[in-house]
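Laboratory data are not the source of any read-out in this text; all were calculated from the coordinates shown. Here the structure is a predicted model, which means the values were calculated and not measured. Neighbour counts run over all protein chains shown; Cβ positions are idealised from the backbone, glycine included.
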Amino acid sequence: MFGISSAEFGVILVIALLVVGPKQLPEVLRTFGRFYRKLNHFLKKTSQVVDDVLYDADKIAEKAEKALMQDQGRPAEKKKDITADDK
């Protein structure tokens, strides 16, 4: 959890107990748990939205690439040479 060991978590819990007090500690931990849950939910939703957008962009890029490949197979139209006798 958060990349900390159980000993470090115990020290944090003891410090929180001294700072907040034994009566308010359960409420503080509950509030922290709610905040953590909401933050986790927000990050998952954000990640999902980003994944969806990237997936859609990838599909559009594939369609564009396929269209370009099909266009390369067709003979190109002859373009008018503007350096020729236009003067």
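In whole Å, what are the extents of segment 1-78 along the principal axes defined by its C-alpha atoms, from largest to smallest?
Answer, in whole Å and largest first: 84, 22, 15 Å.
Give me a comma-separated list of calculated 3J(HN,Hα) values for segment 7-19, in order, Karplus coefficients 6.51, -1.76, 1.60 applied at θ = phi - 60°, integers in Hz, x for any Gly or Pro.
5, 5, 5, x, 5, 4, 5, 5, 5, 4, 4, 5, 6
With each pseudo-label sitting 7 Å past Cα toward Cβ, what's the Ser6-Asp52 distance in nm, one decimal?
About 4.1 nm separates the two model spin labels.
Applying the Karplus parametrisation 6.51 cos²θ - 1.76 cosθ + 1.60 with θ = phi - 60° to the phi angles of segment 27-41, what ³J(HN,Hα) value in whole Hz is obtained for each residue in order, glycine and proline being reported as x?
Using θ = phi - 60°, the values come out as 5, 5, 5, 4, 4, 4, x, 5, 4, 4, 4, 5, 5, 4, 4 Hz.
Subtracting the Cα-Cα distance from 0.36 nm times the residue separation, let me have the gained length for Glu65 to Arg34 in nm, one decimal. Kindly include the intermediate steps, with their values, before the conclusion.
Working: separation 31, 0.36 × 31 = 11.16 nm, distance 4.63 nm.
Using 0.36 nm per residue and subtracting the Cα-Cα distance, I get 6.5 nm.
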